[in-house]
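The structure under discussion appears below in the form of structure tokens.
The values are calculated or read from the model by the stated rules, or taken from the named source; none is laboratory data. Since the structure is predicted, the reported quantities are computational estimates derived from the model, not experimental observations. Quick reminder, even Gly has a Cβ in these numbers, built from the backbone with ideal geometry, and neighbours come from all protein chains shown.
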Amino acid sequence: MLKLVPFSQAHFETLGSWFFSEADLVQWGGPFVTFPLDAGQLGAMLAEAAASPPTRVCWMVESDGTAIGHAQLGLDWRNGVALLSRVAIAPQARGLRLALPMLRLVVDKAFAKAEIARVELKVYTWNQPAIRVYERLGFRMEGIRRSSARVGKERWDTAIMGLLRGEWLDGAAQEP
């Protein structure tokens, strides 16, 4: 059974060990994180979670007490939008079909907040496995930001996907 656990400083080393290159890290954290992931960057994320009201909520995902994933929600309270971001599955847990149940928990947390009317995300267009999971959760493709991120000498396109409260409540997510 998967469980969301609040992200803390005790998780920094574990999470940091999941990223082996700049490309791995940017795929997870976007173009504004720098490799290697360090305590300063992770501490800044925790500071956003400590704000009142929080502008970010971060979790580790555990299975039988072992960290198998991580996910975050950025919170735009004014507009009622949560940004699903920084989703990762631990290297040893990849391929075990944990992303869908893990992200169901996170999206449930987002829509448990009455103020949140929409959950959106950004995903690199080459990441088709992630896009398939997001579509199974009910997210719809809304657009492509072409050549939006520079990673080394490459340029990556970013897809924007969204899910509305009513869609989630109507059961937009497909069963496995």
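Residue pairs, Cβ under 8 Å, 6 or more apart or interchain, first in region 107-132 and among the aromatic types (Phe, Trp, Tyr), second exposed (fewer than 15 other Cβ atoms within 10 Å of the Cβ) and assigned to a strand (DSSP E or B). List them.
Cβ pairs passing all conditions: Tyr124/Asp157; Trp126/Asp157.
Quick check on this structure: which one of Val123, Val87, Val106 is under 12 Å from the mean Cα position of the chain (by Cα) and over 26 Å from Gln9 (Cβ atoms)?
The conditions single out Val123.
Given the conditions (1) within 13 Å of the chain's Cα centre (by Cα); (2) at pLDDT below 95, which single one is not true for Phe32?
(1)
May I ask you to list pairs of residues, at least six apart or on different chains, whose Cβ atoms are under 6 Å apart, with the first in region 140-153 being farther than 14 Å from Asn127 by Cα and the second being among the acidic types (Asp, Glu) and assigned to a strand (DSSP E or B)?
Arg146/Asp157
Return the residues of region 119-173 that are exposed (fewer than 15 other Cβ atoms within 10 Å of the Cβ), part of a strand (DSSP E or B) and of a type in the set (Gly, Ala, Ser); say none if nothing qualifies.
If the condition is that a residue be exposed (fewer than 15 other Cβ atoms within 10 Å of the Cβ), part of a strand (DSSP E or B) and of a type in the set (Gly, Ala, Ser), then Gly143, Ser147 are the ones that fit.
Starting from region 15-36, keep only residues that are over 18 Å from Ser147 (Cα atoms), then list their pairs with residues that are hydroxyl-bearing (Ser, Thr, Tyr) and loosely packed, with under 13 Cβ neighbours inside 10 Å whose Cβ atoms are within a distance under 9 Å, requiring at least 6 positions of separation or different chains.
Sorted first by the residue in region 15-36, then by its partner, the pairs are Phe35/Ser21.
From the residues in region 106-118 that are in contact with a Lys or Arg (Cβ under 8 Å, 6 or more places away or on another chain) and outside any strand (DSSP E or B), which one is farthest from Met60 (Cα to Cα)?
Restricting to residues being in contact with a Lys or Arg (Cβ under 8 Å, 6 or more places away or on another chain) and outside any strand (DSSP E or B), the top hit is Ala117.
Under 6 Å between Cβ atoms, which residue pairs at least 6 apart in sequence (or on different chains) link something in region 76-97 that is under 13 Å from Val61 (Cα atoms) with a partner that is assigned to a strand (DSSP E or B) and at pLDDT 95 or above?
What qualifies is Arg86/Gln72; Val87/Ala71; Ala88/His70; Ile89/Gly69; Ala90/Ile68; Ala93/Ile68.
Just the residues that are in contact (Cβ under 8 Å) with a residue 60 or more places away in the chain and aromatic (Phe, Trp, Tyr), please, taken from region 40-67.
Passing the criteria: none in range.
Considering only region 2-93, give the helices (runs of 4 or more DSSP H) lying wholly within it that have at least 1 residues that are in contact with a strand residue (DSSP E or B) (Cβ under 6 Å, 6 or more places away or on another chain), surrounded by 17 or more Cβ atoms within 10 Å (Cβ to Cβ) and of a type outside the set (A, V, I, L, M).
Once the helices (runs of 4 or more DSSP H) in region 2-93 are filtered for at least 1 residues that are in contact with a strand residue (DSSP E or B) (Cβ under 6 Å, 6 or more places away or on another chain), surrounded by 17 or more Cβ atoms within 10 Å (Cβ to Cβ) and of a type outside the set (A, V, I, L, M), what remains is 22-29.
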